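So the structure is just underneath, and the comments pick up after that.
The values are calculated or read from the model by the stated rules, or taken from the named source; none is laboratory data. Not measured: the values here are computed from a predicted model. Backbone-built Cβ (ideal geometry, glycine too); neighbour counts: all protein chains shown. In case anyone asks, the SASA skips ligands and DNA or RNA and just uses the protein heavy atoms, side chains included. Shrake-Rupley method; radii C 1.70, N 1.55, O 1.52, S 1.80 Å.
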Amino acid sequence: MKQKNLLNISIPFGIRCRCTIQKWVDWIFFPLLAPVIIFILKYVQKNRIKDLKKIRMLFKRIAGESKIPTLICANHLTKVDSIYIHHAFASLPFYWRHFRLFSWNIPAKENFWTKPLDRLVTYLGKCIPIVRTGTPEHHKEVLDTLRYLLARGELCTVFPEGGRSPDGRVNVQNVRYGVGTILNGLPDYRVLCVYMRAENQKEMSDLPPKGDTLYFDFKVITPQSIQTGRRAERDISRTIIEKIKEMEDLYFEKYKS
Amino acid sequence: MEEKVIFEKVLEILKPYVREAEDLKTATEETDILNDLKVNSSRLVDIILAIEDEFDIEVSDDEADEVQTIGDTVSLITGKI
């Protein structure tokens with residue numbers, strides 16, 4: 001049985017239920033799990049976010065102003081980038097009160113689904129695992145689920161490169177068009193492009209360097225295409241990755257020249 | 001258009017996306033695009049779009065999903081022109 005929402009995005013009833021249940025369970029366990037993760041990040045990893053207050057103020061203004069479907073697209077350097085994005089954008093009490101703004105993620109199942117503890121944390125962290133080498137049907141189901149969640153005003157985070165950048169730099173040629181597939185056809189949407197980097201991050205790693213401060217920059221764009229179908233998806237995806245690359249160039253111009 | 005010509009044109013389209021250009025010299029109809037030529041799966045869409053432009057055809061998502069080998073690609077094109 002399939003259910004169509006107001007934006008004509010059809011999604012199986014079972015998946016709708018699964019998302020709703022997961023969101024409620026995650027919200028209930030959020031006050032137990034999130035402080036532990038933030039403690040590790042701040043006091044074990046000893047990482048800090050540059051201009052944290054300013055970032056949070058801007059995020060509240062952008063995300064809180066309307067329920068336009070908003071997709072967060074970021075560069076990808078470590079396995080825990082999405083946790084740092086969450087931490088940079090808002091405080092735990094804010095997320096507790098506005099849980100839709102705690103974004104959904106799509107981690108690679110092969111990385112986060114092997115150990116029971118990882119599975120639990122992934123489930124409780126609003127994650128929908130994707131099998132990178134999965135069937136086209138599986139990929140379509142995950143992307144449809146994200147479109148459905150976006151249409152309901154939930155935030156979702158994706159990494160347009162599909163994986164971490166091996167040499168530590170955004171590779172425009174490596175963009176995956178799934179991000180365009182998610183957005184193409186939505187009547188209204190915006191993309192929050194994020195560029196983040198630890199000051200001593202040279203190449204991809206599991207975690208940011210210990211004790212490092214992380215730089216964050218973000219821009220809101222509404223990528224469009226005059227094309228249809230796959231060509232539109234390609235145009236949208238390329239616009240997003242090119243914006244992230246532009247933000248990276250700005251970072252290196254400002255801090256590394 | 002002869003199948004041989006289509007085959008050559010497909011090889012030309014694949015050239016920018018294969019890891020080792022040398023592999024194309026020994027490619028046959030049975031050559032698997034992803035496994036043998038080590039084409040990044042996310043570039044398959046670019047290949048399909050290039051094929052649409054080159055042969056002035058339209059390929060549906062389902063048809064694109066069926067393509068695995070160079071022979072599959074040639075058959076798909078042959079059936080549409």
Exercise. Work out, in µm²/s and without decimals, the Stokes-Einstein translational diffusion coefficient of the range A:145-257 at 20 °C, 1.002 mPa s, Rh from Kirkwood over C-alpha pairs.
Key: 142
Exercise. From zero up to wherever the largest Cα-Cα distance of chain B sits, split into 5 Å bins and tell me the percent of pairs in each.
Key: 3, 16, 32, 28, 17, 5, 0
Quiz item: When the Cα centres of the range A:118-139 and the range A:31-92 are compared, how far apart do they sit, in Å?
Solution: 21
Quiz prompt | Two-decimal Rg to Rh for the range A:42-185 - Kirkwood Rh, Cα set | solution = 0.95
Exercise. Sticking to Cα atoms, compute the Rg of the range A:94-167 to one decimal and its Dmax as the biggest Cα-Cα distance, whole number, in Å.
Key: 13.1, 39
Quiz item: With every protein chain in place, what's the accessible area of A:LYS115 (1.4 Å probe, Å², nearest 10)?
Solution: 130
Quiz item: Listed here are the pairs B:LYS25/B:LYS80; A:LYS53/A:LYS243; A:LYS67/A:LYS243; A:LYS219/A:LYS256; A:LYS60/A:LYS115; which of them are more than 29 Å apart at the Cα?
Solution: A:LYS60/A:LYS115
Quiz item: In percent, what relative contact order does chain A have, based on Cα pairs under 8 Å that are 6 or more apart in sequence?
Solution: 25
Self-check item: Among beta bridges that DSSP assigns inside the protein assembly as shown, antiparallel share in %, nearest 5
Solution: 45
Practice problem: Using all C-alpha to C-alpha distances in the protein assembly as shown, build P(r) with 20 Å bins and read off the rounded percent in each one. | Solution: 28, 55, 16, 0
Self-check item: Charge dipole of chain A about the Cα centre (unit charges at C-beta), most positive-ward option of A:TYR189, A:ASN105, A:ALA151
Solution: A:ALA151
Quiz item: Once amide H atoms are placed 1.01 Å from N in the peptide plane, what residues at a sequence separation of 5 or more from A:GLY162, or on another chain, have their amide H within under 5 Å of its amide H?
Solution: A:ARG176
Quiz item: Where does chain A land at 222 nm, in deg cm²/dmol rounded to the nearest 500, when only DSSP H runs of n ≥ 4 count, each adding -39500 (n - 2.57), divided by all residues?
Solution: -14500 deg cm²/dmol
Quiz item: Taking the Cα centre of chain B as origin and charging only Cβ (+1 Lys, Arg; -1 Asp, Glu), how large is the dipole, in debye to the nearest 20?
Solution: 360
Exercise. Express in Å², to the nearest 10, the accessible area of A:HIS76 obtained by rolling a 1.4 Å probe over the protein heavy atoms while all chains stay in place.
Key: 20
Quiz prompt | Qualifying GluC sites (Glu not before Pro) in the range A:161-257, DSSP loop, other Cβ atoms within 10 Å at most 13 | solution = A:GLU203
